[in-house]
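None of the figures in this text is laboratory data; all of them are computed from the coordinates on show. Nothing here was measured: the structure is a model prediction, and the numbers come from that model. Cβ: placed from backbone, ideal geometry, glycine included. Neighbour counts: every protein chain shown.
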Amino acid sequence: MAFRKKLPFISYPEFLARVKNETHFTSSHGKRYLVTGLQDEVLHIERQDADRDIDWDIDLKKLYQAYTELEDFATENFRPYVPRRHSPSRGLLLRLGLIG
């Protein structure tokens, strides 16, 4: 499935405001994530479907940059922006209604 932008332009403050309201989301591969905090411009998340606790963080400034620059939201295209956070990053954009 190809994911495309639903909102051609969103300002960074509006992007952050949308993220601040989220408590959980699901990746495009079906993995569930709990938002455990937001500190500065870093979203802290915990993967719920793992045998052990997996705590990750997503640099929101880099994710916003990915959203503004990418046209194709295949997970591998997130690599330069959010290393090792490709699927949860795309899942967050889905949850925010920015791609579909």
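Helix 86-95 and the longest principal axis of the Cα set of the chain meet at an angle near 70°. Taking 20 °C and 1.002 mPa s as conditions, segment 12-95 diffuses translationally at an estimated 168 µm²/s according to Stokes-Einstein applied to its Kirkwood radius (Cα pairs).
Annotation: aspartates and glutamates with alpha-carbon distance below 17 angstrom to LYS6 (same-chain offsets under eight excluded): GLU14, GLU69, GLU71, ASP72. Listed peptides 6-12, 75-81 appear in the order 75-81, 6-12 once ranked by packing, highest mean of other Cβ atoms within 10 Å at the front. Taking Lys and Arg as +1 and Asp and Glu as -1, the other residues whose beta-carbon sits under 12 Å from that of TRP56 total -1. Net charge of the neighbourhood of ASP72, taken over other residues with C-beta under 14 Å away and scored Lys/Arg +1, Asp/Glu -1, is +1.
Projected label points at GLU22 and LEU7, each 7 Å from Cα along the beta carbon direction, are separated by 1.1 nanometres.
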